[in-house]
Amino acid sequence: RRVITASADQTARVWDADTGDPVTPPLVHKKAVNSAIFSPDGRTVVTASGNPYGEEGEAEVRIWDAVSGASVTPPFRHGGSVKFATFSPDGRHVVTASADRTARVWDASTGEPASPPMKHDHWVYHADFSPDGRRVVTASFDLTARVWDASTGEPITPPMKHEAGCVLYHASFSPDG
């Protein structure tokens with residue numbers, strides 16, 4: 001019934017899917033908003049911001065109330081642009097992917113780290129939870145996808161390397177995990 005958009009104008013917006021009217025005021029960041037995702041219960045949204053083309057500049061992740069637009073937690077900080085953020089299936093955690101060469105799992109209620117960083121050799125473009133929330137898969141500019149333990153940040157599989165020399169922009173689990 002609602003739509004969330006992320007924009008280079010440094011805002012995310014929640015819209016009514018039937019009327020196209022805004023539901024919240026703009027959710028404002030200091031840099032472009034690279035992704036915006038609803039929580040599984042639809043009550044909150046997570047936004048990821050930073051320079052979409054590089055590492056430098058202010059970068060943060062925020063959780064917002066999906067009705068009022070109020071910030072729910074302090075910003076989560078990375079050392080580089082945050083390319084993507086999403087909730088765990090139970091909504092208790094958020095995983096982020098950053099140009100600082102890490103993915104991180106955070107407590108969605110406090111904004112505190114919930115595991116050590118998951119490190120790549122280059123920018124991490126995407127990170128996502130498995131359907132049970134116990135694992136994370138990442139996709140990186142270093143041409144690899146990796147599967148990690150979400151609670152420990154330890155790798156579960158060796159890197160899955162693409163030989164074509166292309167950037168990996170996305171990786172996800174099958175519905176059965």
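Here is how the numbers come out for the structure above:
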{"item": "Calculated FRET efficiency for the pair Asp176/Ser151, C-beta based, R₀ 22 Å, to 0.05", "result": "0.60"}
{"item": "From phi via Karplus (6.51, -1.76, 1.60), per-residue ³J(HN,Hα) for region 124-139 in Hz, x at Gly/Pro", "result": "9, 8, 8, 8, 8, 7, 6, x, 8, x, 8, 10, 10, 10, 10, 10"}
{"item": "Of the GluC sites (Glu not before Pro) in region 17-90, those whose Cβ has at most 12 other Cβ within 10 Å and which sit in DSSP loop", "result": "Glu56"}
{"item": "For Asp149, net neighbour charge (Lys/Arg +1, Asp/Glu -1) across residues whose Cβ lies under 15 Å away", "result": "+2"}
{"item": "Within a Gaussian network of the chain (alpha carbon springs, distance under 10 Å), most fluctuating of His78, His93, His162", "result": "His162"}
{"item": "Theoretical FRET efficiency, 1/(1+(r/R0)^6), r = Cβ-Cβ of Arg1 and Asp90, R0 22 Å, to 0.05", "result": "0.50"}
{"item": "The chain - percent of accessible surface contributed by carbon and sulfur, probe 1.4 Å", "result": "52 percent"}
{"item": "Region 1-133 - percent relative contact order, Cα under 8 Å, separation 6 or more", "result": "17 percent"}
{"item": "Reach of Lys119 by Cα under 23 Å, taken over lysines that are not fewer than 8 positions away in the same chain", "result": "Lys83, Lys161"}
{"item": "Karplus 3J(HN,Hα) series, Hz, for region 94-100 with 6.51 cos²θ - 1.76 cosθ + 1.60 (x for Gly, Pro)", "result": "10, 10, 10, 10, 9, 6, 7"}
{"item": "Anchor Lys30: aspartates and glutamates whose Cα lies under 17 Å away (excluding residues fewer than 8 positions away in-chain)", "result": "Asp9, Glu55, Glu56, Glu58, Glu60"}
{"item": "1.4 Å probe accessible area per residue over region 104-177, in Å²", "result": "53 Å²"}
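The values are calculated or read from the model by the stated rules, or taken from the named source; none is laboratory data. As the structure is a prediction and not an experimental result, all values here were calculated from the model. Ideal geometry is used to build each Cβ from the backbone, glycine not excepted, and the neighbour counts take in all protein chains shown. The area values use the complete protein model at the heavy-atom level, side chains included, leaving out ligands, DNA and RNA. Shrake-Rupley method; radii C 1.70, N 1.55, O 1.52, S 1.80 Å.
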